[in-house]
Each structure stands twice: as C-alpha cells, then as structure tokens.
Amino acid sequence: MSAVLIDGKARAAALRAEVATGVAAFVATHGRAPGLTVVLVGDDPASAVYVGSKGKATREAGMISGEYRLPADTSEADLLALVATLNADPAVDGILVQMPLPKQIDSDRVIAAIDPAKDVDGLHPINTGLLVSGRDGLVPCTPSGCMLLINEAFGGSSGSNIAGAEAVVIGRSILVGKPMAALLTNASATVTVAHSRTRDLAGHVARADIVVAAVGIPGMVKGEWIKPGACVIDVGINRIALPDGKTRLVGDIDFEGAMARAGWITPVPGGVGPMTIACLLANTLKAARARAGA
Ligand code: NAD
C-alpha cells in the first residue's frame with residue numbers, strides 16, 4: 001500500500017485564490033483593501049525570510065502589506081507602543097508580531113497587547129479561549145491549515161468522518177499542538193496530546209486514524225508505528241546536513257516508512273508549510289470583514 005500524497009501547495013493555491021476573490025469583493029463594498037502589518041524584531045535570517053514571503057503573499061492577494069523591521073535591541077516599551085499604534089490604525093486589519101522575540105521582550109505581554117480582533121496569528125488569550133470553547137474567533141494559521149488538509153483527506157468539511165476518529169497530536173506548543181488538539185476535539189475526534197514526557201509514543205501512534213506531528217525532531221515518528229490507512233500530517237520543518245555537504249528539509253515523520261502504511265500523508269516541503277501563509281491571508285480577510293461588520 002502506498003499513501004495518497006496530500007498536495008498542500010495545490011490546496012494552498014486554491015485557498016489563496018479564494019481569498020483574492022473575497023478581497024476584491026471587500027474592496028468593491030468598502031472602498032479599501034484589507035491590511036496586514038508584520039513586525040519583525042531583530043535579524044534572525046529565517047524570520048526575515050518568513051516575513052518577506054508573508055508580505056509578498058499579502059500583496060498577491062490584493063491586500064495592503066505593512067512591514068516594520070526593528071533592531072534586535074528594541075525595548076519592550078517601544079514594541080508595545082508600536083502595537084498600540086497599529087491597534088488604533090483603521091487601515092490595519094491584521095497584526096502579526098514575528099516570533100521568537102529577543103529575550104528582553106516578554107512575548108506573552110506583547111501578544112496580550114494586540115487587539116484580539118486584529119490577532120491574525122490567533123495567539124491572544126481571547127482567541128485561544130474562543131477556540132477551546134468551540135466559538136468563532138481567529139485560529140492559529142498552521143493548525144487551521146492542517147485541519148483543512150485533514151478534512152480533505154476525510155472527504156470534505158461537511159459530513160466528514162473525523163467524528164469519532166482517534167487522533168494523536170504530537171507536540172503541545174501554543175502555536176501548533178494545543179490549538180490543533182482543540183480543532184480536532186471540536187470536530188469530534190477522540191484526541192490524545194503526546195509530548196516530550198509521553199510514555200510509549202509508538203503505542204499511541206499505532207491506534208491513531210489521524211497523526212499530527214509538530215515536534216522539530218527529524219524523522220522521529222517511525223513508519224512502522226503508523227496504523228495502516230491513517231492520515232499523517234507532518235508539521236515539522238527540520239534542515240538536515242547531507243553527506244555531500246548540502247542540506248535538505250525534512251519533517252518529523254519518517255516519510256518513506258510512513259508512505260508505505262498511511263492512507264494519506266503530507267510531504268515536507270510542500271505539505272503544511274504553504275497552508276500556513278494561505279491561512280494567514282484568510283484570517284486577515286476574516287478580521288477585515290468582522291471589523292467592517294460584513
Ligand atoms: P515547540 O518547540 O514549541 O514544541 C515542540 C513540542 O514537541 C513540545 O510541545 C514538546 O513537548 C514536544 N516534544 C519534544 N520532544 C518530544 C519527544 N521526544 N516526543 C514527543 N514530543 C516531543 O515547536 P513548535 O513551534 O510547535 O513547532 C514544531 C515543529 O513544527 C518545528 O519543526 C517547527 O519548525 C514546525 N513548524 C512548522 C510550521 C509550518 O508552517 N509548517 C509552523 C510552525 C512550526
């Protein structure tokens with residue numbers, strides 16, 4: 001048996017096209033385009049690449065992209081002041097402060113300062129609370145994207161067979177693991193959250209119809225653990241060195257091993273990654289519509 005490859009690139013392109021159509025309608029009704037402003041503090045090269053691609057995708061969707069690049073020694077007070085300015089700016093619908101922040105800044109305090117209505121990363125405690133309560137709010141982008149891919153594998157969002165499925169989420173971060181578990185719980189899956197202290201991870205994975213791995217350890221989920229036919233979603237992005245001195249991106253799942261047993265599987269790259277930015281654009285449009293009362 002060989003798994004069906006879930007094409008995150010194609011699904012993300014479809015979502016981005018949907019957002020672009022929604023943006024055009026928003027402009028026609030409200031006379032302005034939705035705006036997303038990204039704030040980067042410091043010069044971490046990976047974060048700079050993410051911020052650049054978010055800006056490009058924002059413009060391609062027809063939205064207004066704002067960008068602030070602040071020095072690494074920016075004080076917490078200065079960053080909070082910028083967040084307050086963006087909160088008050090009617091042209092800004094979405095605010096994203098790129099994590100991680102330098103250590104002199106308390107990221108929890110910064111996240112809590114963002115207007116929850118503009119919190120397109122979905123990390124504000126109000127949005128976290130809405131998600132856990134099963135109410136409408138802004139949901140973190142990576143788990144949202146995973147959920148769209150799982151829904152597709154399970155036969156579409158309506159009448160999906162996720163209800164009652166056994167799901168194992170590996171990783172309990174506030175960015176991925178915890179919101180992923182909440183989304184799957186809201187979709188009536190029976191969810192286990194595994195983490196660094198979990199005993200017998202292999203045993204948990206072996207009974208899962210849905211496996212989501214968000215750990216950051218290359219190939220840590222072995223192919224032989226996977227239940228035949230399971231839907232396997234690999235969030236991990238790990239750069240590994242090859243014998244020839246080059247590097248390659250791999251996920252947290254032993255891809256070849258899992259491919260032989262799973263029903264569906266996401267590749268790395270080209271699986272979850274492209275969905276994250278597409279969901280960020282979708283969140284920005286959603287925030288703009290909500291703020292406009294549409
Ligand atoms: P994190 O470091 O905040 O969390 C990692 C989690 O893994 C922790 O909850 C920890 O308990 C768990 N863990 C660590 N060792 C474990 C073990 N041996 N067994 C089981 N669980 C273990 O990371 P994160 O922000 O959640 O990101 C996880 C991975 O996903 C990283 O590789 C990151 O680069 C990637 N990521 C990808 C996207 C995307 O768009 N594709 C977005 C966010 C994160």
- Residue count, the stretch 10-55 (criterion: over 20 Å from the mean Cα position of the chain (by Cα), β-branched (Val, Ile, Thr) and in a helix (DSSP H, G or I)): 4
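Check whether at least one residue in the stretch 274-291 is small (Gly, Ala, Ser) and part of a loop (DSSP other than H, G, I, E, B), and report yes or no. Break it down stepwise before answering.
To start, the set of residues in the stretch 274-291 that are small (Gly, Ala, Ser) comprises 278, 282, 287-288, 290.
Adding the requirement that they be part of a loop (DSSP other than H, G, I, E, B) leaves none.
No, that holds for no residue.
For (1) part of a loop (DSSP other than H, G, I, E, B); (2) surrounded by fewer than 22 Cβ atoms within 10 Å (Cβ to Cβ), each residue gets a yes or a no:
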| position | (1), (2) |
| --- | --- |
| Pro100 | yes, yes |
| Asn127 | no, no |
| Leu130 | no, yes |
| Arg135 | yes, yes |
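Every residue in the stretch 170-226 that is in a helix (DSSP H, G or I) and either within 9 Å of the ligand (Cβ to nearest atom) or under 18 Å from the mean Cα position of the chain (by Cα) (or both), please. Spell out the reasoning first.
If we filter the stretch 170-226 for residues that are in a helix (DSSP H, G or I), which is where we start, we get 177-186, 201-206, 223-225.
Of everything in the stretch 170-226, those that are in a helix (DSSP H, G or I) and either within 9 Å of the ligand (Cβ to nearest atom) or under 18 Å from the mean Cα position of the chain (by Cα) (or both) turn out to be Gly177, Lys178, Pro179, Met180, Ala181, Ala182, Leu183, Leu184, Thr185, Asn186, Leu201.
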- Query: Out of Gly236, Gly270, Gly229, which single residue is in a loop (DSSP other than H, G, I, E, B) and away from the ligand (no atom under 16 Å from the Cβ)?
  - Reply: Gly229
- Message: So Leu82 passes all but one of these: (1) within 16 Å of the ligand (Cβ to nearest atom); (2) not in a loop (DSSP other than H, G, I, E, B). Which condition number does it fail?
- Response: (1)
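With the requirement that a residue be over 21 Å from Val4 (Cβ atoms) and in contact (Cβ under 8 Å) with a residue 12 or more places away in the chain, what does the stretch 233-248 give you? Outline the logic, then answer.
Pass one, the stretch 233-248, residues over 21 Å from Val4 (Cβ atoms): 237-248.
Once the filter is applied, which keeps residues that are over 21 Å from Val4 (Cβ atoms) and in contact (Cβ under 8 Å) with a residue 12 or more places away in the chain, the stretch 233-248 yields Ile237, Asn238, Ile240.
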- Query: Across the stretch 249-267, what is the number of residues that are more than 10 Å from the ligand (Cβ to nearest atom) and either part of a loop (DSSP other than H, G, I, E, B) or in contact (Cβ under 8 Å) with a residue 60 or more places away in the chain (or both)?
  - Reply: 10
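Every read-out reported here was derived from the displayed coordinates using simple, explicitly stated rules and does not represent laboratory data. Bear in mind that the values here come from a model prediction, so they are computed numbers and not experimental data. Note that each Cβ is placed from the backbone with ideal geometry, even for glycine, and that neighbours are counted across all protein chains shown.
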